[in-house]
Amino acid sequence: MSGLNHDFMLISRTEHAFSDYSKFINDARAVRLHDDLIRYIADALLWIPTYNPAKNEPHFGLCFYGPTVIHTEGALSAARVFSSWADLFAAGPERLILTGGWTWIEGDPMDQGKYEALKVDRDDFVLKLRQIAAYAQKIIESEGEYYILHYGI
């Protein structure tokens, strides 16, 4: 899958304030997940208390079109959610086929549409989910010295 991605980075709070988010747009060091995969797990992501630095307000889940910060309040939930998804997908076949969004050609009857099939390399996806979970664990262990910066599409 190419195109629309969400980036996740572990950032030192002593070096960068939450408001520094624009410095990390399209950073090559980011763990990158495709938007379709984020949307697949989106319901569980809503359980994570987060912060929207662009609006300077608390939030739940990820801001799909901008920055989100996961800090001490949401770190434990984030570690559990990303780790649990990793464990679940690790039980699947090497090539995961997940149900994506509903698609159809405009002008055609809706019953001619279908759900998109998301074809995903299991090991790559699981590795990325585990990395994000490890970032959340680092926040917990450092007592808030770090935060996860998520950058939506």
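D for segment 91-153, whole µm²/s, Stokes-Einstein with Kirkwood Rh over alpha-carbon pairs at 4 °C and 1.567 mPa s: what number?
Details: Rh = 15.0 Å.
In µm²/s, the coefficient is 86.
With no solvent and one equal point scatterer per Cα, compute the Debye intensity ratio I(q)/I(0) for segment 52-122 at 0.11, 0.16, 0.25 Å⁻¹ and report its log10, rounded to two decimals.
-0.51, -0.85, -1.03
Rounded to the nearest 10 degrees, what's the angle between the helix 72-90 long axis and the longest principal axis of the chain, both from Cα atoms, 0 to 90?
So the helix axis and the longest Cα principal axis differ by about 40 degrees.
Report, in degrees rounded to the nearest 10, the 0 to 90 angle that the Cα long axis of helix 122-141 makes with the longest principal axis of the chain.
20
At a threshold of 8 angstrom on Cα-Cα distance, excluding pairs fewer than six apart, so keeping six or more, what relative contact order does segment 45-153 reach in percent? Write out the running numbers ahead of the final one.
Details: 189 pairs, mean separation 36.6, N = 109.
Rounded, it is 34 percent for segment 45-153.
Working out 0.36 nm times the residue gap between Ile105 and Arg32, then minus their Cα-Cα distance, what length gain in nm do you get to one decimal? Could the numbers behind the result be given before it?
Numbers: separation 73, 0.36 × 73 = 26.28 nm, distance 2.91 nm.
In short, 23.4 nm is gained.
Translational D (Stokes-Einstein, µm²/s) of segment 1-107 at 4 °C and 1.567 mPa s when Rh comes from the Kirkwood sum over C-alpha pairs? Write down the numbers at each step before the final one.
On the way: Rh = 15.5 Å.
In µm²/s, the coefficient is 84.
Any read-out appearing in this document is the output of simple, stated calculations on the displayed coordinates, not a laboratory observation. Computed from a predicted structure; not experimentally measured.
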